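Encoded as structure tokens, the structure appears first; notes follow it.
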Amino acid sequence: MSGNKGYNPFAMAQAEFDRVAKTIGLDPGAVELLRNPMREYHFSIPVRMDDGETKVFRGFRVQHNDARGPSKGGIRFHPQETIDTVRALAMWMTWKCAVADLPLGGGKGGVICDPHHLSPREQEQICRGWIRQVGRDVGPNRDVPAPDIMTSAQHMLWMLDEYEALHGGHYPGVITGKPVGMGGSLGRTQATGYGVVYTLREALKELNHDPENTTASVQGFGNVAQYAIELYHRIGGTTVCVSCWDESEQTSYSYRKKDGIDLKELRSVTDGFGGIDRKRAADLGYEVLAGEDWLTQEVDILMPNAIENQITGENVGGIHQRVRVIAEGANGPTTPEADHVLAERGIFVIPDFLANAGGVTCSYFEQVQSNMNYFWELGEVLGKLDIKMTSAYHDVSNVARRQKTSMRDAAYMVAIGRVASACRDRGWI
Ligand code: GLU
């Protein structure tokens, strides 16, 4: 996506951590340990392409901290992937697992590639190559990868298969986000988007807003966004605008229907990566606007559900005065500069690593089910997910109220406090 020039997500993640660490008076040893990853792996993945040429892809895995349990976090396929993005995302996974009170640490992986331009066979070779490089450093009790941007259940299954070939045996707990029936959990696909809305529902309750009287504008139309919209509509909300990346034009567009988008209809003109077919959407009566226009809509709720660095110092001023709540489904969508402006304007932000913790929470359920080889019904998964997300929300909201601080800082306080005390209890610091 555009607008990433000069932006270093890891520097931003460290600056946020440093600020909160100072506020809570974290000791210097803990600060030193937690502001950097414990381990990282950088490697090359050679792939024989369909045309017979060999192409070499760069891959990463970063394990930020595993004091509370095995590292956990997704693998992204992205043409603009950088090690600093992976480091930032790994650190955020540590905070995310801690805020959701999961017995897991934080990690993240990536490959610099664009699956839009790779055949299924080439993608399979990248997945298998990734495991061949770090198959000894991940594992059910060490580090458990999962899907993220542009990686799917099929990718996870190829990785599992390669891992099992390498280690000789069945280890379904090594990776989550697998296909249902092949060790995957029911509800995993919906989990991140639904989780965003479980926290949004609690926020609206606290702010005395009836969801039925609210409207929203959403950035993204991938897995997270689609299921967030689905549940938001089910609790009575209306989505009036959706924005997404257009691969053929290499830019993004917003799609607006003032009386509310029809999710099923819009899904019918969308590809597997969440890209909407512009012409077909226009034929269905959607107004096609510029990519950034999702941010300036006159709505009550904004849901940035796409990628990092989207609400910035430059565009935050364009947010309509009607906006009351921002629920961050993406990782790192708001820069600290923009966050400051939102706080001054009194906009209630449900921070990313709380709002989007539903995915990893369900991954944790999948890991438990895989290790037991005993799988739960959908209702049981979603019921447990709702309980976990609701209690994570209130843990944070209680601290925010007590400390008279923002939800973001409160979420950091809860998470950093839990991770630091695990490090202390183990005698690391
Ligand atoms: N990639 C997701 C995230 O950023 C899920 C990670 C997982 O399930 O381990 O939270």
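The values are calculated or read from the model by the stated rules, or taken from the named source; none is laboratory data. Everything quoted here is computed from the prediction, not taken from an experiment. Cβ: placed from backbone, ideal geometry, glycine included. Neighbour counts: every protein chain shown. What goes into the accessible areas is simple: the full protein's heavy atoms, side chains included, and nothing from ligands, DNA or RNA. Shrake-Rupley method; radii C 1.70, N 1.55, O 1.52, S 1.80 Å.
Annotations
- q = 0.10, 0.14, 0.17, 0.21 Å⁻¹: log10 I(q)/I(0) that the Debye formula gives for the range 255-363, counting C-alpha atoms only: -0.33, -0.64, -0.91, -1.20
- Principal axis dimensions, largest first and in whole angstrom, of the range 102-233 by Cα: 55, 37, 26
- Distance from the range 133-182 to the range 265-316 (C-alpha centre basis), Å: 32 Å
- Cα-based reach from residue 257 at 23 Å (exclusive), listing lysines while leaving out same-chain residues under 8 positions away: 279
- Placing unit charges on each Cβ (+1 for Lys and Arg, -1 for Asp and Glu) gives the range 91-139 a dipole about its Cα centre, and among 131, 103, 118 the Cα reaching farthest toward its positive end belongs to 131.
- Per residue, the solvent-accessible area of the range 131-267 (1.4 Å probe, heavy atoms of protein chains only, all protein chains present) comes to 39 Å².
- Net lengthening on full extension, residue 340/residue 424 (0.36 nm per residue, minus Cα-Cα): 27.0 nm
- Between residue 289 and 254, 255, 256, the built amide H atoms are under 5 Å apart, and every one of these is 5 or more places off in sequence or on another chain.
- The value obtained for the range 278-429, namely the Cα convex hull volume divided by the number of residues, is 176 Å³ per residue.
- 3J(HN,Hα) along the range 200-207, derived from phi through the Karplus expression 6.51 cos²θ - 1.76 cosθ + 1.60 where θ = phi - 60°, amounts to 4, 4, 5, 5, 4, 4, 5, 8 Hz, with x in place of Gly and Pro.
- Kirkwood-type hydrodynamic radius, the range 1-137: 16.1 Å, calculated from all non-identical alpha-carbon pairs.
- Accessible surface computed residue by residue for the range 307-429, with neighbouring protein chains in place and a 1.4 Å probe, gives 40 Å² per residue.
- DSSP bridge analysis restricted to the chain gives an antiparallel fraction near 55%, rounded to the nearest 5.
- Sequence ranges 210-220, 182-192, 339-349, ranked by mean other-Cβ count within 10 angstrom, highest first: 182-192, 210-220, 339-349
- From phi via Karplus (6.51, -1.76, 1.60), per-residue ³J(HN,Hα) for the range 78-91 in Hz, x at Gly/Pro: 7, x, 9, 4, 9, 4, 5, 5, 5, 4, 4, 5, 5, 5
- Surface share of carbon and sulfur [accessible, 1.4 angstrom probe, percent] for the range 355-429: 51 percent
- Given charges at beta-carbon only (K, R positive; D, E negative), |dipole| of the range 349-399 in Debye: 60 debye
- Cross-link reach is defined here as a Cα-Cα straight distance under 24 Å, omitting same-chain residues fewer than 8 places apart; for residue 384 the lysines meeting it are 72, 96, 178, 205.
- Ligands, DNA and RNA left out, the 1.4 Å accessible surface of the range 32-179 is 48% carbon and sulfur atoms.
- Viscosity 1.002 mPa s, 20 °C: Kirkwood-radius Stokes-Einstein D of the range 181-255 over Cα pairs, µm²/s: 158 µm²/s
- The charge dipole of the chain, taken about its Cα centre with unit charges on the Cβ atoms of Lys, Arg (+1), Asp and Glu (-1) only, comes to about 1020 debye.
- For the range 379-423: rounded, prolate or oblate by the Cα gyration tensor [a/c cutoff 1.5]: oblate
- Per the Debye formula on identical point scatterers at the alpha carbon atoms of the range 259-307, with no solvent, log10 I(q)/I(0) at q = 0.21, 0.32 Å⁻¹ is -0.92, -1.33.
- Under 5 Å, built H, 5+ apart or other chain: amide partners of residue 311: 334, 335
- Here, P(r) means the percent of Cα pairs in each 10 Å bin from 0 to the largest distance; for the range 328-386 it is 20, 36, 21, 16, 7.
- Largest mean-square fluctuation among 57, 221, 17, in a Gaussian network model of the chain whose springs join Cα atoms under 10 Å apart, belongs to 57.
- When the chain is treated as a GNM with alpha-carbon contacts under 10 Å, the residue of 245, 376, 294 showing the greatest mean-square fluctuation is 376.
- Working note: Debye formula, equal point scatterers on the alpha-carbon atoms of the chain, no solvent; log10 I(q)/I(0) at q = 0.06, 0.08, 0.11, 0.14 Å⁻¹ is -0.22, -0.41, -0.80, -1.34.
- Our Cα-only numbers for the range 81-156 put the radius of gyration and Dmax at 13.4, 39 Å.
- For the range 1-76, the fraction of C-alpha pairs farther apart than 22 angstrom is 48 percent.
- For the peptides 357-363, 35-41, the ranking by packing is 357-363, 35-41, with the highest mean count of neighbouring Cβ atoms within 10 Å listed first.
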